[in-house]
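Following: one structure in structure tokens, then a few remarks.
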Amino acid sequence: MKRSDNKSRCPINFSLETIGDNWSMLIVRDIVYFGKKTFNEFLHSEEGISTNILTARLIHLEQKNVLSKMPHPTDKRKEVYCLTEKGLNLIPILLELAIWGFTHDEKTEAPQSWFDVIQADKEKVIDLVRETVKRGGSIFVGSDSVVSKLRITES
């Protein structure tokens, strides 16, 4: 039987037990960066998560109050996931992970211009990303995306 409480009272341990694993952060990434909201959208991410792992991670993130789930507005057979306030608070961490990965992955395909903007005024970008995601938008996708607001080219 799995313990329901944390293994220790260390804040790093709490964070890791809340997030769970890399799949959880990739789900949060998909919401923040690409505006994904449904099971099928998450399932078709390039990392290739399996349905049983995706189901387990969505349940875990919902139980930990990182995500909330509601009926799809036009298709009642689907559900839509969005970040809670607790989930939105992961945005600075997600951006820092991206910066770290961009710095250390020589094969990254991420646009330099995006990281230049983050480095120029990180707090402004965090606030803009948070408000955009809160309204259902994302960093890279859609007419109301963060990159369109900041007029960043993806080259």
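Quick note: the coordinates plus some simple rules give every number you see, no bench work behind them. Note that the structure is predicted; figures quoted are calculated from it, not measured. In this analysis, Cβ positions are derived from the backbone assuming ideal geometry, glycine residues included, and neighbour counts consider all displayed protein chains.
Rounded, prolate or oblate: which one fits region 22-151, using the alpha carbon gyration tensor with axes a ≥ b ≥ c (rounded when a/c is under 1.5, else prolate when a/b beats b/c, else oblate)?
Prolate, since a/c reaches 1.5 and a/b exceeds b/c.
Send over the semi-axes of region 1-90's equivalent ellipsoid, whole angstrom and largest first, taken as the square roots of 5 times the C-alpha gyration tensor eigenvalues.
23, 14, 13
Taking only C-alpha pairs under 8 Å that are 6+ residues apart, what is the relative contact order of region 18-153 in percent?
Over region 18-153, the number comes to 25 percent.
If the convex hull of the alpha-carbon atoms of region 98-147 is projected onto planes in all directions, what is the mean projected area in square nanometres?
It is 3.6 nm².
How about region 47-155: which GluC sites (Glu not before Pro) there lie in a loop by DSSP and see at most 16 other Cβ atoms within 10 Å?
The qualifying sites are GLU47, GLU106, GLU109, GLU154.
What relative contact order, as a whole-number percentage, does region 35-95 give when Cα pairs under 8 Å and 6 or more residues apart are counted?
Relative contact order of region 35-95: 29 percent.
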